Ligand SMILES: [Cu+2]
């Protein structure tokens with residue numbers, strides 16, 4: 001069973017694995033008004049991020065690793081479309097929109 005955690009500016013819900021061990025989580029954030037809804041998100045290895053485009057414009061999420069190399073180009077993301085990316089490696093990742101340079105956030109994977 002996978003858990004979905006929605007983080008929004010209004011509420012931050014953090015659910016940690018209890019009892020039967022920690023399972024990979026899915027964390028959802030939104031792209032709204034040409035911004036990511038969180039500046040920083042902390043993940044565990046194996047967790048999946050969902051980027052939900054709530055804007056009426058196309059985005060293109062890039063994942064950039066600590067060496068400033070492109071780890072993933074998630075491609076064209078049309079309005080209303082959700083993208084998913086699973087972080088299998090630890091590190092600090094910069095998330096950028098290739099179309100809108102001011103859209104930035106950080107994902108720390110431990
Ligand atoms: Cu964009």
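Structure above, values below:
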quantity	calculated
Members of region 72-102 found to be in a loop (DSSP other than H, G, I, E, B), under 23 Å from residue 25 (Cβ atoms) and more than 11 Å from the chain's Cα centre (by Cα), listed by number	81, 88, 89, 90
Test: residue in region 16-26 that is at pLDDT 95 or above, under 13 Å from residue 107 (Cα atoms) and away from the ligand (no atom under 16 Å from the Cβ)	no
Within region 83-110, tally of residues that are within 16 Å of the ligand (Cβ to nearest atom) and surrounded by fewer than 13 Cβ atoms within 10 Å (Cβ to Cβ)	2
Qualifying residue in region 59-82 (condition: surrounded by 13 or more Cβ atoms within 10 Å (Cβ to Cβ), more than 16 Å from the ligand (Cβ to nearest atom), more than 21 Å from residue 23 (Cβ to Cβ) and modelled with pLDDT of 95 or more)	yes
Contacts under 6 angstrom Cβ, first residue in region 54-71 being within 16 Å of residue 83 (Cα to Cα) and in a loop (DSSP other than H, G, I, E, B), partner near the ligand (Cβ under 8 Å from one of its atoms) and at pLDDT 95 or above, 6 or more apart	55/31
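The values are calculated or read from the model by the stated rules, or taken from the named source; none is laboratory data. Bear in mind the structure is a predicted one, so any value in this text is a computation, not a measurement. Glycine gets a Cβ as well: all are built from the backbone with ideal geometry, and neighbour counts include every protein chain shown.
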